[in-house]
Ligand SMILES: CCC1=C(C)/C(=C/C2=NC(=C\c3[nH]c(/C=C4\NC(=O)[C@H](C)[C@H]4CC)c(C)c3CCC(=O)O)/C(CCC(=O)O)=C2C)NC1=O
(Lines give C-alpha, C1' and ligand atoms only; values in the text may rest on other atoms or scores of the structure.)
Protein backbone atom coordinates (compact mmCIF):
# COMPACT_ATOMS: atom_id res chain seq x y z
CA UNK A 1 0.00 0.00 0.00
CA UNK A 2 1.07 3.57 -0.72
CA UNK A 3 0.05 6.92 0.66
CA UNK A 4 0.26 10.48 -0.68
CA UNK A 5 3.79 10.86 0.72
CA UNK A 6 5.35 7.59 -0.47
CA UNK A 7 3.68 7.98 -3.86
CA UNK A 8 5.25 11.42 -4.41
CA UNK A 9 8.65 10.32 -3.08
CA UNK A 10 8.69 7.11 -5.15
CA UNK A 11 8.01 8.94 -8.37
CA UNK A 12 10.76 11.49 -7.65
CA UNK A 13 13.13 8.69 -6.69
CA UNK A 14 12.69 6.78 -9.95
CA UNK A 15 13.78 9.95 -11.73
CA UNK A 16 16.66 10.47 -9.27
CA UNK A 17 15.41 13.95 -8.48
CA UNK A 18 14.50 16.08 -5.49
CA UNK A 19 10.78 16.83 -5.26
CA UNK A 20 9.78 19.38 -7.89
CA UNK A 21 7.19 22.12 -7.38
CA UNK A 22 4.26 19.96 -8.47
CA UNK A 23 5.30 17.19 -6.08
CA UNK A 24 5.78 19.66 -3.23
CA UNK A 25 2.37 21.20 -3.93
CA UNK A 26 0.77 17.77 -3.69
CA UNK A 27 2.40 17.22 -0.32
CA UNK A 28 1.42 20.68 0.89
CA UNK A 29 -2.23 20.10 0.14
CA UNK A 30 -2.08 16.65 1.73
CA UNK A 31 -0.58 18.07 4.94
CA UNK A 32 -3.01 21.00 4.91
CA UNK A 33 -5.95 18.57 4.89
CA UNK A 34 -4.49 16.26 7.55
CA UNK A 35 -6.73 17.39 10.35
CA UNK A 36 -9.80 17.25 8.11
CA UNK A 37 -8.99 13.65 7.20
CA UNK A 38 -8.45 12.55 10.79
CA UNK A 39 -11.63 14.28 11.94
CA UNK A 40 -13.66 12.64 9.16
CA UNK A 41 -12.21 9.20 9.97
CA UNK A 42 -13.17 9.66 13.62
CA UNK A 43 -16.75 10.56 12.71
CA UNK A 44 -17.06 7.72 10.22
CA UNK A 45 -15.76 5.08 12.61
CA UNK A 46 -18.13 6.26 15.34
CA UNK A 47 -21.08 6.03 12.93
CA UNK A 48 -20.12 3.16 10.61
CA UNK A 49 -23.05 0.89 11.45
CA UNK A 50 -25.62 3.62 10.95
CA UNK A 51 -24.01 4.81 7.69
CA UNK A 52 -24.33 1.29 6.28
CA UNK A 53 -27.86 0.88 7.60
CA UNK A 54 -29.05 4.17 6.15
CA UNK A 55 -27.42 3.46 2.80
CA UNK A 56 -29.14 0.06 2.62
CA UNK A 57 -32.47 1.69 3.45
CA UNK A 58 -31.94 4.25 0.69
CA UNK A 59 -30.85 1.84 -1.99
CA UNK A 60 -31.71 -1.84 -1.45
CA UNK A 61 -34.50 -2.36 1.08
CA UNK A 62 -37.92 -3.24 -0.29
CA UNK A 63 -36.49 -3.96 -3.73
CA UNK A 64 -36.58 -7.36 -5.46
CA UNK A 65 -33.09 -8.01 -4.16
CA UNK A 66 -34.34 -8.60 -0.61
CA UNK A 67 -37.30 -10.80 -1.71
CA UNK A 68 -37.20 -14.56 -2.40
CA UNK A 69 -34.99 -15.15 -5.43
CA UNK A 70 -33.03 -11.94 -4.78
CA UNK A 71 -29.34 -12.08 -3.94
CA UNK A 72 -29.83 -10.55 -0.45
CA UNK A 73 -32.62 -12.97 0.44
CA UNK A 74 -31.89 -15.21 3.44
CA UNK A 75 -30.28 -13.87 6.56
CA UNK A 76 -26.90 -15.27 5.58
CA UNK A 77 -26.79 -13.41 2.30
CA UNK A 78 -28.26 -10.25 3.80
CA UNK A 79 -25.49 -10.32 6.41
CA UNK A 80 -22.84 -10.94 3.72
CA UNK A 81 -24.04 -7.86 1.86
CA UNK A 82 -23.96 -5.66 4.97
CA UNK A 83 -20.48 -6.98 5.72
CA UNK A 84 -19.32 -6.14 2.19
CA UNK A 85 -20.63 -2.58 2.52
CA UNK A 86 -18.82 -2.23 5.81
CA UNK A 87 -15.61 -3.37 4.07
CA UNK A 88 -16.12 -0.70 1.42
CA UNK A 89 -16.68 1.98 4.03
CA UNK A 90 -13.71 0.95 6.16
CA UNK A 91 -11.27 0.62 3.27
CA UNK A 92 -12.45 3.90 1.72
CA UNK A 93 -11.75 5.54 5.07
CA UNK A 94 -8.21 4.06 5.10
CA UNK A 95 -7.65 5.29 1.54
CA UNK A 96 -8.97 8.75 2.43
CA UNK A 97 -6.55 8.92 5.39
CA UNK A 98 -3.68 7.80 3.17
CA UNK A 99 -4.73 10.10 0.33
CA UNK A 100 -4.12 7.20 -2.04
CA UNK A 101 -6.28 4.50 -3.62
CA UNK A 102 -3.69 1.72 -3.85
CA UNK A 103 -4.98 -0.07 -0.75
CA UNK A 104 -8.31 -0.51 -2.56
CA UNK A 105 -6.66 -2.27 -5.49
CA UNK A 106 -4.65 -4.53 -3.24
CA UNK A 107 -7.14 -5.48 -0.55
CA UNK A 108 -10.62 -4.90 -1.94
CA UNK A 109 -10.86 -4.97 -5.73
CA UNK A 110 -8.38 -7.75 -6.43
CA UNK A 111 -10.53 -10.62 -7.78
CA UNK A 112 -13.75 -9.09 -6.46
CA UNK A 113 -15.60 -8.74 -9.76
CA UNK A 114 -14.91 -12.39 -10.58
CA UNK A 115 -16.16 -13.46 -7.13
CA UNK A 116 -19.33 -11.41 -7.51
CA UNK A 117 -19.97 -12.77 -10.98
CA UNK A 118 -19.49 -16.35 -9.92
CA UNK A 119 -21.88 -15.94 -6.96
CA UNK A 120 -24.46 -13.96 -8.89
CA UNK A 121 -24.02 -10.88 -6.68
CA UNK A 122 -25.49 -8.00 -8.73
CA UNK A 123 -22.83 -5.38 -9.42
CA UNK A 124 -25.29 -2.63 -10.39
CA UNK A 125 -27.16 -2.85 -7.09
CA UNK A 126 -23.86 -2.98 -5.18
CA UNK A 127 -22.70 0.20 -6.90
CA UNK A 128 -26.03 1.87 -6.03
CA UNK A 129 -25.51 0.97 -2.38
CA UNK A 130 -21.94 2.33 -2.47
CA UNK A 131 -23.22 5.57 -4.01
CA UNK A 132 -25.85 5.77 -1.26
CA UNK A 133 -23.05 5.40 1.32
CA UNK A 134 -21.24 8.24 -0.41
CA UNK A 135 -24.26 10.53 0.08
CA UNK A 136 -24.89 9.47 3.66
CA UNK A 137 -21.20 9.88 4.54
CA UNK A 138 -21.00 13.34 2.95
CA UNK A 139 -24.01 14.53 4.90
CA UNK A 140 -22.28 13.39 8.08
CA UNK A 141 -18.71 14.65 7.56
CA UNK A 142 -19.46 17.77 5.50
CA UNK A 143 -18.75 18.70 1.89
CA UNK A 144 -14.93 18.83 1.90
CA UNK A 145 -14.28 15.50 3.59
CA UNK A 146 -17.35 14.12 1.82
CA UNK A 147 -15.82 14.97 -1.53
CA UNK A 148 -12.56 13.27 -0.58
CA UNK A 149 -14.39 10.13 0.61
CA UNK A 150 -16.36 10.27 -2.64
CA UNK A 151 -13.14 9.78 -4.61
CA UNK A 152 -12.65 6.36 -3.01
CA UNK A 153 -16.29 5.27 -3.11
CA UNK A 154 -16.21 6.10 -6.83
CA UNK A 155 -12.93 4.23 -7.21
CA UNK A 156 -14.52 1.05 -5.84
CA UNK A 157 -17.65 1.60 -7.92
CA UNK A 158 -15.72 1.87 -11.16
CA UNK A 159 -13.42 -0.99 -10.20
CA UNK A 160 -16.49 -3.20 -9.84
CA UNK A 161 -18.22 -2.06 -13.02
C1 LIG B 1 -12.08 -6.95 2.37
C2 LIG B 1 -12.19 -7.49 1.02
C3 LIG B 1 -13.34 -8.44 0.80
C4 LIG B 1 -14.46 -8.23 0.04
C5 LIG B 1 -14.82 -6.99 -0.67
C6 LIG B 1 -15.23 -9.44 0.07
C7 LIG B 1 -16.43 -9.64 -0.63
C8 LIG B 1 -17.16 -10.87 -0.77
N9 LIG B 1 -18.52 -10.88 -0.80
C10 LIG B 1 -18.95 -12.18 -0.90
C11 LIG B 1 -20.28 -12.63 -0.92
C12 LIG B 1 -21.48 -11.88 -0.96
N13 LIG B 1 -21.64 -10.56 -1.18
C14 LIG B 1 -22.98 -10.23 -1.19
C15 LIG B 1 -23.42 -8.85 -1.41
C16 LIG B 1 -24.56 -8.33 -1.98
N17 LIG B 1 -25.61 -9.02 -2.51
C18 LIG B 1 -26.56 -8.15 -2.96
O19 LIG B 1 -27.59 -8.48 -3.57
C20 LIG B 1 -26.23 -6.75 -2.65
C21 LIG B 1 -26.42 -5.83 -3.82
C22 LIG B 1 -24.78 -6.86 -2.18
C23 LIG B 1 -24.46 -5.97 -0.95
C24 LIG B 1 -24.37 -4.52 -1.33
C25 LIG B 1 -23.71 -11.39 -0.93
C26 LIG B 1 -25.21 -11.56 -0.79
C27 LIG B 1 -22.78 -12.46 -0.79
C28 LIG B 1 -23.06 -13.92 -0.54
C29 LIG B 1 -23.40 -14.59 -1.85
C30 LIG B 1 -23.62 -16.07 -1.69
O31 LIG B 1 -22.86 -16.73 -0.97
O32 LIG B 1 -24.56 -16.54 -2.30
C33 LIG B 1 -17.80 -13.03 -0.99
C34 LIG B 1 -17.83 -14.53 -1.12
C35 LIG B 1 -17.44 -15.23 0.17
C36 LIG B 1 -18.35 -14.90 1.31
O37 LIG B 1 -19.59 -15.10 1.19
O38 LIG B 1 -17.85 -14.38 2.30
C39 LIG B 1 -16.70 -12.20 -0.92
C40 LIG B 1 -15.24 -12.65 -1.02
N41 LIG B 1 -14.59 -10.35 0.86
C42 LIG B 1 -13.43 -9.78 1.31
O43 LIG B 1 -12.59 -10.32 2.08
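The values are calculated or read from the model by the stated rules, or taken from the named source; none is laboratory data. In this text the structure is predicted, and so the values were computed from the model without any measurement. Ideal geometry is used to build each Cβ from the backbone, glycine not excepted, and the neighbour counts take in all protein chains shown.
Checked against (1) surrounded by fewer than 21 Cβ atoms within 10 Å (Cβ to Cβ); (2) more than 26 Å from residue 9 (Cα to Cα), residue 147 meets all criteria but (2).
Residue-by-condition table, conditions (1) surrounded by fewer than 18 Cβ atoms within 10 Å (Cβ to Cβ); (2) in a helix (DSSP H, G or I):
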site: 51; (1), (2): no, yes
site: 73; (1), (2): yes, no
site: 89; (1), (2): no, yes
site: 93; (1), (2): no, yes
site: 100; (1), (2): no, no
site: 108; (1), (2): no, yes
site: 131; (1), (2): yes, yes
site: 154; (1), (2): yes, yes
site: 159; (1), (2): yes, yes
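The set of residues from the stretch 13-24 being surrounded by fewer than 15 Cβ atoms within 10 Å (Cβ to Cβ) and closer than 19 Å to residue 98 by Cα comprises 22, 24. Of the listed requirements (1) touching a helix residue (DSSP H, G or I) at 6+ places or on another chain (Cβ under 9 Å); (2) within 24 Å of residue 155 (Cα to Cα), residue 24 misses just one: (2). When the stretch 67-84 is examined, which residues are found to be more than 8 Å from the ligand (Cβ to nearest atom) and under 18 Å from residue 123 (Cβ atoms)? Result: 69, 73. Here residue 87 does not qualify as touching a helix residue (DSSP H, G or I) at 6+ places or on another chain (Cβ under 6 Å) and either within 23 Å of residue 148 (Cα to Cα) or more than 7 Å from the ligand (Cβ to nearest atom) (or both).
A single member of 119, 61 is within 13 Å of the ligand (Cβ to nearest atom), modelled with pLDDT under 95 and either over 16 Å from the mean Cα position of the chain (by Cα) or loosely packed, with under 15 Cβ neighbours inside 10 Å (or both), and it is 61.
Checking the stated criteria, residue 117 turns out to be at negative phi and assigned to a helix (DSSP H, G or I).
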